[in-house]
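Report on one structure; see the data block that follows.
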Amino acid sequence: MKPFNPEEYDPLANLWSKNDRKDLIQTPIFKLVSCHTTSPDRKVSRDFFHLESLDWVNVIALTPDDKILLIDQYRHGIHRFSLEIPGGIAEKATLLESAQAELVEETGYVSDEWEYLGKVTGNPAILNNWCHTFIAKNVRKLHDQDLDDSEQIEIFETPLRNVPRLIDENILHHGMMVAALGMYFIKNPIQN
């Protein structure tokens, strides 16, 4: 085993070659694609499959009194409701505009104070996109929700200090949301 040195790490070095791309299935959210892929040493050469999607955004929306907005919505994949932070597909001209739109659409809240927190991949084994997280500070209710016709979302707020417990108890369990909140608390530890 080699020691890891972040300064020398290059995730784009020595990539596998891809060819013979086939678009197999198109849905409103994903496209299933196959590519014939060969490792640099040519020991592996076969068709691999992945899903292509636009990037995603999510928003850590904080009120002036140090509460966080949470949304609760039915999730078809797990056949249950999921408590989350606002977010969705990045469909606007910029990631920030997409984050701002998702916050307004899902909650009716707005902010004049936005900060880009970072990005993570959902599952790089099968997905090609990134999930970008923004912090919206001093959010205020200005509009009614403007949900897609397939959405039903309830809005909650809770003190920010409650979030680690909600994660620990699997009440907040969506991987992209937990990762976003983890990034937030690394940069903004809870003060006792």
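The values are calculated or read from the model by the stated rules, or taken from the named source; none is laboratory data. What you see is a predicted model, and the numbers here were worked out from it, not measured in a lab. Positions of Cβ are backbone-derived with ideal geometry, glycine not excepted, and every protein chain shown enters the neighbour counts. Keep in mind that these areas ignore ligands, DNA and RNA; they rest on the heavy atoms of the full protein, side chains included. Shrake-Rupley method; radii C 1.70, N 1.55, O 1.52, S 1.80 Å.
Points to keep in mind about this one:
- Once the C-beta distance of LYS137 and SER82 is scaled by a Förster radius of 25 Å, the resulting FRET efficiency is 0.55 to the nearest 0.05.
- Only beta bridges with both residues in the chain are counted; by DSSP, about 85 percent of them are antiparallel.
- Of the accessible area of the chain, computed with a 1.4 Å probe over protein heavy atoms only, carbon and sulfur atoms account for 53 percent.
- GluC sites (Glu not before Pro) within region 146-176: DSSP coil, no more than 14 neighbouring Cβ in 10 Å: GLU151, GLU169
- Per-residue HN-Hα couplings for region 38-52 [Karplus 6.51, -1.76, 1.60; θ = phi - 60°; Hz; x = Gly/Pro]: 10, 5, x, 8, 6, 7, 10, 8, 6, 6, 10, 10, 8, 9, 9
- 14 Å beta-carbon shell around GLU97, net charge (K/R +1, D/E -1): -3
- For the listed peptides 51-58, 120-127, a ranking on the average number of other beta carbons within 10 Å per residue, highest first, reads 51-58, 120-127.
- Accessible surface of PHE156 - all protein chains present, 1.4 Å probe, nearest 10 Å²: 90
- Only DSSP H runs of four or more residues enter the estimate; each adds -39500 (n - 2.57), and after division by the residues of the chain the mean residue ellipticity at 222 nm equals -5000 deg cm²/dmol.
- Springs join every pair of Cα atoms under 10 Å in this Gaussian network model of the chain, and among ILE135, ILE171, ILE68 the largest mean-square fluctuation is at ILE171.
- Close lysine pairs were tallied over the chain: pairs 8 or more places apart or on different chains with Cα atoms under 15 Å apart number 6.
- Within the chain, longest stretch clear of exposed trypsin sites (Lys or Arg not before Pro) (DSSP loop, no more than 14 other Cβ within 10 Å): 93-192
- For ARG75, net neighbour charge (Lys/Arg +1, Asp/Glu -1) across residues whose Cβ lies under 13 Å away: -2
- Accessible solvent surface per residue of the chain, calculated while the other protein chains remain in place, 1.4 angstrom probe, Å²: 64
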